1. Which order results if Ile69, Ile236 are arranged by neighbouring Cβ count within 10 Å, fewest first?
2. Hey, got the dipole for region 105-254? About the Cα centre, +1 on K and R Cβ, -1 on D and E Cβ, debye to the nearest 20?
3. Report the dimensions of region 105-254 along its three principal axes from the alpha-carbon atoms, largest first, rounded to Å.
4. From the residues Thr254, Ala106, Thr199, which one has its Cα farthest along the dipole of region 105-254 in the positive direction, the dipole being from +1 and -1 charges on Cβ of Lys/Arg and Asp/Glu about the Cα centre?
5. Count the net charge of all other residues whose Cβ sits under 13 Å from the Cβ of Trp198, scoring Lys and Arg as +1 and Asp and Glu as -1.
6. Would you mind pulling out the separation of the Cα centroids of region 186-227 and region 125-174, in Å?
7. Provide the percentage of antiparallel DSSP beta bridges, counting only those with both residues in region 105-254; round to the nearest 5.
8. Under 15 Å from the Cβ of Trp240, count the other residues' Cβ atoms, weight Lys and Arg +1, Asp and Glu -1, and hand me the total.
Amino acid sequence: MRHRLDPDLAASAARADRVEAGAKGGGAASAADGDRGSAAATASRPEVGRGRRAPVRQAIDTRPYRWAIGAFGLGLAVVISVVLFLSRGVGTVGVPPGHRLHNFAAPVATSSLNGNANLSKPCRLGYLGSRAVNTCLLTRRRALVLAFFVTGSSSCVRQVDTLEKVSRQFAGGAVGFAAVAVRASRSQTARLVRSHHWTVPVAYDLDGAVGDLYGVEICPLLELAYRGGVVRYRLIGNRWLQPSALAAKVRALTG
């Protein structure tokens, strides 16, 4: 007996075969598409580390800039020095030889006077008397050795010790001796006078006006002036701490 194929079953089987075949074909296509996408993505990415090096930053050489800054600073210092030199003039330390002493009257530290020095005082006998160091009066009749010092410097204080010793060699003679403590108070100057047993008149320049008038920047500083007030010697430095050296200059002043 021959078997007949059922047309409905055959049609169903054919449809199932087509669906299965389509599913397999779609998966392969998807896989192929994925492979192509991966390859494209790979091709679109730049290759790093194979045949290429990361860029290297170049260090900046700052030496020319440092040199320029140093040159500018040096030039600025020179300009400032020149301006100060021109504004203050030559020979601002003390009064140079051949020039007349600047007149002032400053209170003696051990006197009853208290206050600043007078730079425009009258030059007449009896004005303040022995209570002030008055250059106009001190140089009217004899030569003068005038020392400027600061109380905080040991070598400057020693200069007044030397002045005291030399003054005893010319006591009652043709030379007068005096000292001025620049920017010092009455009390601190008086203490030095008493502790060192100075007998020469020592004035104090409370506000520094006398020091500015004489351009006192260095001490010891001594001015040796003829009678009348014209300077013969301007002595600066520790060399004149030796009594013999200073005494020789004083003798030359009166010789």
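1. So the residues, fewest neighbours to most, are Ile69, Ile236.
2. It works out to roughly 520 debye.
3. Principal extents (Cα only, largest first): 35, 34, 27 Å.
4. Thr254
5. +3
6. For region 186-227 versus region 125-174, the Cα centre distance is 8 Å.
7. 60 percent
8. Within the 15 Å Cβ shell, the charges total +4.
Bear in mind that the values in this text are calculations on the coordinates, not laboratory data. Computed from a predicted structure; not experimentally measured. Here the Cβ is made from the backbone with ideal geometry for all residues, glycine too, and neighbour counts use every protein chain on show.
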